[in-house]
Amino acid sequence: MSSHIGPVTDDIELELCQGWFRVLLEKEFGKRGGISQDALRYEVDLGDLGKCAITLDAQSRILTVVSANEIASSARAIARDAFSRARSRADGPLEAWRIGFKSTANLGDESARHHMLRSLGEHKRFAGYWKLGPNTLLSFGHNASDTAPFFANQEVAVTFRVHGPSRGMFSPPVQARRHASLVRALVCLATAARLDAPGQLMGAKPQFEEELRAQLNEGTPELPGFYDSKANPVELWPLIERLDPDGNTETGRRLGGALLAYDHALSQKTPAASTMLFVASLEALSVPNAPWKLDRVSKRFAEFLTELCPAELAETIAHPNSEQVFGRLSSSKKLANALYNLRSQSIHAGNLGTIVDAFGIDVQSSMETALVGRLSHDAILRFMEGPFSSLCGHPEIDPSLRLELSQNERLDLISRAKSNGLTLAQLARRALGF
């Protein structure tokens with residue numbers, strides 16, 4: 001016997017519906033067998049009760065519930081309940097997941113070579129247990145390396161809980177995938193070092209769930225970030241919770257973009273590509289989610305950066321190698337403009353650098369990576385501590401605003417100005433409240 005529900009609107013809703021279908025079936029009948037799935041069919045084995053499945057019609061996006069006759073009524077009700085919960089994006093029970101990250105770098109690694117100077121000045125090593133909030137445990141270790149501390153080789157095992165429901169231990173829900181991506185980016189920010197391709201994200205085994213509960217209850221310290229010029233740590237997760245980086249707030253979306261750009265910058269093979277993404281991380285913090293984001297782009301970048309991190313800009317200009325990298329600069333705004341020009345050269349001219357020597361190190365380009373990377377790192381921390389929006393380019397307040405008037409409108413305004421003893425400019429300023 002079959003029944004139809006839907007249609008589902010997107011893949012996330014389908015995934016949630018399948019997850020809730022599993023959770024509610026197991027609640028009703030107990031966990032009896034395994035799960036099988038492909039692009040169009042999700043099936044739960046209920047042992048002696050048979051198999052219960054949801055199938056998707058690729059054209060109509062309608063779901064069909066298929067089950068044995070003796071549980072058909074319950075299966076239909078459960079499927080309707082699952083669909084309703086998925087449609088409302090209802091949270092399921094907390095589920096534990098585990099993933100591992102590591103980096104292995106050596107002199108033959110192009111990315112590691114040109115990040116060597118940056119790593120020597122910035123890389124922070126962690127060992128043992130750390131946490132990111134109440135549901136994420138990090139266990140740090142280090143790969144043995146004859147080249148340490150020139151290359152930042154590290155490994156970290158991550159166990160965390162997020163709300164389900166999932167379709168099974170090998171099918172993490174979208175919220176688990178997003179959280180793992182955020183954790184990776186935050187570890188990169190905290191350590192100022194790259195992480196290579198991760199292991200598989202999968203349901204945590206019972207011993208790791210127990211480790212998670214035990215360590216989070218033992219006063220495990222929060223993972224911090226460090227400004228390069230300061231010894232005081234900045235705990236990351238309390239700031240993340242305030243900003244909501246999962247995408248529900250304006251500041252959260254901008255921070256999420258900046259963190260991911262910084263993460264990608266650490267893995268690039270050429271200094272120019274790394275610099276482009278470091279600057280992109282800075283730009284991500286400044287761009288509003290509004291139609292006028294395309295106006296006054298370079299001016300907004302410079303004004304935002306000089307307000308966000310003036311001390312870090314000044315330190316960069318004062319660095320002994322600043323002139324070697326950026327030329328002679330007399331102000332923080334000129335440094336901000338120089339950074340934007342470096343990014344533009346890479347994007348618009350395709351100037352992403354070349355690799356011609358398997359073991360060569362371009363010291364000047366490596367210093368560029370070090371200085372721009374340090375500024376990107378510290379600016380992200382500044383934004384996390386004190387987020388704000390730039391209104392540069394806003395059509396109602398920007399000084400570049402131009403009003404298009406007809407000839408009759410212009411003559412009328414001139415007449416009004418004269419009758420009040422004002423110039424046209426003075427009348428306009430008074431009308432705008434200046």
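Computed from the coordinates by the stated procedures, all read-outs in this text should not be read as laboratory data. Computed from a predicted structure; not experimentally measured. Here Cβ is always computed from backbone atoms with ideal geometry, including for glycine, and neighbour counts include all displayed protein chains.
Data overview
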{"quantity": "Residue order, fewest to most surrounding Cβ atoms within 10 angstrom, among 42, 340, 129", "calculated": "129, 340, 42"}
{"quantity": "Contour excess over end-to-end distance, with Cα ends at residue 232 and residue 38 and 0.36 nm allotted per residue", "calculated": "64.8 nm"}
{"quantity": "FRET E, pair residue 409, residue 51, Förster distance 56 Å, beta-carbon r, rounded to 0.05", "calculated": "0.15"}
{"quantity": "Fewest-first sequence of 130, 97 by Cβ atoms within 10 Å of each Cβ", "calculated": "130, 97"}
{"quantity": "Stretch gain in nm, segment residue 213-residue 88, where the contour uses 0.36 nm per residue and the Cα spacing is subtracted", "calculated": "42.0 nm"}
{"quantity": "D (Stokes-Einstein, µm²/s), Kirkwood Cα radius, region 2-87, 1.306 mPa s at 10 °C", "calculated": "127"}
{"quantity": "Whichever lysines have a C-alpha closer than 25 Å to that of residue 51, once near sequence neighbours (fewer than 8 apart) are set aside", "calculated": "27, 31"}
{"quantity": "For residue 92, distant residues with modelled amide H under 5 Å away", "calculated": "164"}
{"quantity": "Euclidean distance of C-alpha centroids, region 368-389 and region 29-47, integer Å", "calculated": "47"}
{"quantity": "Percentage, to the nearest whole number, of Cα pairs in region 92-243 over 22 Å apart", "calculated": "42"}
{"quantity": "Neighbour-count order for 110, 15, fewest beta carbons within 10 angstrom listed first", "calculated": "110, 15"}
{"quantity": "Cα-projected label distance for residue 428 with residue 62, points at 7 Å along beta-carbon direction, nm", "calculated": "6.1"}
